[in-house]
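Take a look at the structure below.
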Amino acid sequence: MRIAQFNALLAFSFLLLAMSLPQFAWAQHEVVSVPGAVGGDYQQLSEIKTKKRVADLTARANGGDKFAQISLGRMYEVGQSVKADGAQALEWYKRAHQSGYALASLSIASLYAFGNLIPRDLAEAARWVDQYQQLGGNVPCAAMTGDLAENPDVRVTLCGIAHHWGNYAFVPTFPPGSPIPDKPMLIRLGFNPKQKSLVVIESNAPQSIIQDAQRGLIATIGSIAMPLALANYDGEIAFEARYAVQRDGNRRLSIQPMHWMRPDARPA
């Protein structure tokens, strides 16, 4: 009952936030790269619009292309150009992981943590988070106090939220001609589960991007069932996203999230 009330209040908060913020008409065709990869080779979802494109991507994925595999996983998770299918998303994420795409581990963990498309399994989510860390990955979890960090269900839930927000629910976009930050963008938001409040702790991003980040985090939090220890926590939990953004010679945007791994641990 508490979880249902919590999600209902978050949904209502999201509606109020969306109504209170101005609407922006972004030039989506300007975006040629979206979050998801270490190294910038991510096959962007924005280009995958036709059945032929899906078929071509599937052929590449079946041929062992790890970037095509992670792309298909994301497509099946978010329902982009295909019907959302948790089993298919999980299959392609696992194949990407086996092909050496370490970040796929967090996508698998997120699937298990959310439990929207496959049965929720926090123990399995924790196993995949650990796998990413064993590969040298820096897990983009939220900053937690000691008591929360000791609760494995809370830790995995926050990891799922942070990863999902940074890779699915929030994709920075810029209108043509707008100034592009000359330094990597930082967006750090603070969330209080019990008070159901969200504040900006720190950011050097344009205000419009911060507002999009707030919308995305509220939507992400509202879509996951929280452990009671987390739902009742009366304190600030910090969620952070960092993006490097640049415009190339053809005036196309390149947006790259910053997930760090030890150089000696990064798969080839």
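The values are calculated or read from the model by the stated rules, or taken from the named source; none is laboratory data. Since we're looking at a predicted model, the values are computed, not measured. With ideal geometry, Cβ positions are generated from the backbone for all residues, glycine too; neighbour counts draw on all protein chains shown.
Quick notes
- Cβ pairs under 9 Å, 6+ apart, first in the range 235-262 and under 19 Å from residue 206 (Cα atoms) and outside any loop (DSSP other than H, G, I, E, B), second of a type in the set (Lys, Arg) and modelled with pLDDT of 75 or more: 239/188; 240/188; 241/188; 244/183; 257/242
- If the condition is being modelled with pLDDT of 85 or more and in a helix (DSSP H, G or I), then the range 142-160 contributes 152, 153, 154, 155, 156, 157, 158, 159, 160.
- Residue within the range 209-221 that is in contact (Cβ under 8 Å) with a residue 24 or more places away in the chain, assigned to a loop (DSSP other than H, G, I, E, B) and of a type outside the set (Gly, Ala, Ser) present: no
This table checks each residue for (1) among the basic types (Lys, Arg); (2) in a loop (DSSP other than H, G, I, E, B).
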| residue | (1), (2) |
| --- | --- |
| 125 | no, no |
| 164 | no, no |
| 183 | yes, yes |
| 195 | no, yes |
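- The residue list 205, 229, 265 contains one member that is touching a helix residue (DSSP H, G or I) at 6+ places or on another chain (Cβ under 9 Å), within 26 Å of residue 137 (Cα to Cα) and modelled with pLDDT of 85 or more, which is 205.
- Every residue from the range 89-123 that is part of a helix (DSSP H, G or I), polar (S, T, N, Q) and either out of contact with any His (no Cβ under 8 Å at 6 or more places or on another chain) or over 14 Å from residue 74 (Cα atoms) (or both): 98
- The range 166-181, residues that are of a type in the set (A, V, I, L, M, F, W, C), in a loop (DSSP other than H, G, I, E, B) and either more than 15 Å from the chain's Cα centre (by Cα) or closer than 14 Å to residue 239 by Cβ (or both): 170, 174, 180
- Residues being over 22 Å from residue 98 (Cα atoms) and touching a residue at least 60 places away in the same chain (Cβ under 8 Å) - total across the range 122-146: 4
- If you filter the range 232-247 down to residues that are within 16 Å of residue 141 (Cα to Cα) and of a type in the set (D, E, K, R), you find that the one that is modelled with the lowest pLDDT is 242.
- Residue in the range 147-163 that is without any contact (Cβ under 8 Å) to a residue 12 or more places away in the chain, surrounded by fewer than 22 Cβ atoms within 10 Å (Cβ to Cβ) and under 25 Å from residue 107 (Cα atoms) present: yes
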